[in-house]
Amino acid sequence: MRLRNVTGSREVIAESRFVVREETLKDCPGTWGQIFGNDRPIYVEIGMGKGQFIHTMAKEHPEINYVGVEKYSTVLLRAVQKMELEELPNLKFIRMDAEEIAEVFGPGEVAKIYLNFSDPWPKDRHAKRRLPSREFLARYDKILAKDGRIEFKTDNRPLFDFAVEELEPAGWKAEVLTYDLHADPVLMEGNVCTEYEEKFSAMGNPICKYVICRSN
Ligand code: SAH
């Protein structure tokens, strides 16, 4: 998701108290409890876009600390603006490329990772850039708690099929797997729609979802 150049978005992000400062990111591993001021579980959304999903989740689950990761400051700005309208103590943002995620969280520090409507990178030679690829699963493996889970939603069937094929070779297994989330009343309980999920399901696209854990 790229927005037109929003004047001053970098400056706003750099000064926002909702965004962890870029120059302090290297000191973050192992200190997230201090950052939030409590030792509640940490859930991370990677590629959160404008933050609709994570903001709603944080509001509904004050017992969890949420961290939203987004690459583009123009997009992150929208999430920051949402926080200015409705501030939540259990939500923080990071502007960075998720390739460096294992340098920002310590081993086992994260209890859950959400990937929602990740960029498809359809060319084979870009497969490594896909957020549910084995390369990224190896990064998540470093920071995710032993019994941690990764949840992935998308309407992009080729990307989802790829993500499912990556699981076994990367040492993960699906606990939940559906090709039509919105048709499953049990899985829909407590489902919080992302911005893309609303848009694409309104167009009639079925939403695929998995929840995965390590296979041993
Ligand atoms: N999760 C939101 C947005 C989906 S669009 C929703 O479901 O509505 C995908 C988002 O992921 C974009 O905002 C894009 O900038 C971000 N993104 C893609 N690759 C990323 C990466 N490597 N690191 C961080 N963010 C990334």
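Tell me yes or no: at least one residue of the stretch 83-97 is of a type in the set (A, V, I, L, M) and part of a helix (DSSP H, G or I).
In the first step, residues of the stretch 83-97 are kept if they are of a type in the set (A, V, I, L, M); the result is 83, 85, 88, 91, 94, 96.
Then drop every residue that is not part of a helix (DSSP H, G or I), which leaves 83, 85.
Yes, the conditions are met somewhere in the stretch 83-97.
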Inset, instruction - Search the stretch 1-15 for residues that are within 15 Å of the ligand (Cβ to nearest atom) and pair each with any residue that is at pLDDT 85 or above and open to solvent by 60 Å² or more (accessible area, probe 1.4 Å) when their beta-carbon atoms are under 6 Å apart and the residues are at least 6 apart or on different chains. - result: none
Inset, instruction - State whether the residues of the stretch 83-91 include one that is closer than 22 Å to residue 174 by Cα, modelled with pLDDT of 95 or more and out of contact with any Asp or Glu (no Cβ under 9 Å at 6 or more places or on another chain). - result: no
Inset, instruction - Give just the number: which of (1) more than 16 Å from the ligand (Cβ to nearest atom); (2) open to solvent by 40 Å² or more (accessible area, probe 1.4 Å); (3) small (Gly, Ala, Ser) does residue 138 not satisfy? - result: (1)
Inset, instruction - Scan the stretch 35-54 and report the pairs whose first residue is in contact (Cβ under 8 Å) with a residue 12 or more places away in the chain and whose second residue is within 7 Å of the ligand (Cβ to nearest atom) and basic (Lys, Arg), with Cβ atoms within less than 8 Å and a gap of 6+ or a chain change. - result: 47/71
Legend entry - Count of the stretch 55-82 residues which are open to solvent by less than 10 Å² (accessible area, probe 1.4 Å), closer than 17 Å to residue 17 by Cβ and not in a helix (DSSP H, G or I): 4
Legend entry - Qualifying residue in the stretch 166-185 (condition: surrounded by 13 or more Cβ atoms within 10 Å (Cβ to Cβ), within 11 Å of the ligand (Cβ to nearest atom) and hydrophobic (A, V, I, L, M, F, W, C)): no
Legend entry - Filtered residues of the stretch 194-216 (kept if away from the ligand (no atom under 14 Å from the Cβ) and surrounded by 13 or more Cβ atoms within 10 Å (Cβ to Cβ)): 206, 210, 211, 212, 213, 214
Inset, instruction - Report yes if residue 191 is under 17 Å from residue 119 (Cα atoms), within 16 Å of the ligand (Cβ to nearest atom) and not aliphatic (A, V, I, L, M), otherwise no. - result: no
Inset, instruction - Examine the stretch 32-45 for a residue that is within 14 Å of the ligand (Cβ to nearest atom), touching a helix residue (DSSP H, G or I) at 6+ places or on another chain (Cβ under 8 Å), under 22 Å from residue 153 (Cβ atoms) and assigned to a loop (DSSP other than H, G, I, E, B), and state whether such a residue exists. - result: no
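The values are calculated or read from the model by the stated rules, or taken from the named source; none is laboratory data. Here the structure is a predicted model, which means the values were calculated and not measured. Note that we place each Cβ from the backbone using ideal geometry, even for glycine, and neighbour counts take in every protein chain shown. The protein model used for the area step is the full one, side chains on, heavy atoms only, and it has no ligands, DNA or RNA in it. Shrake-Rupley method; radii C 1.70, N 1.55, O 1.52, S 1.80 Å.
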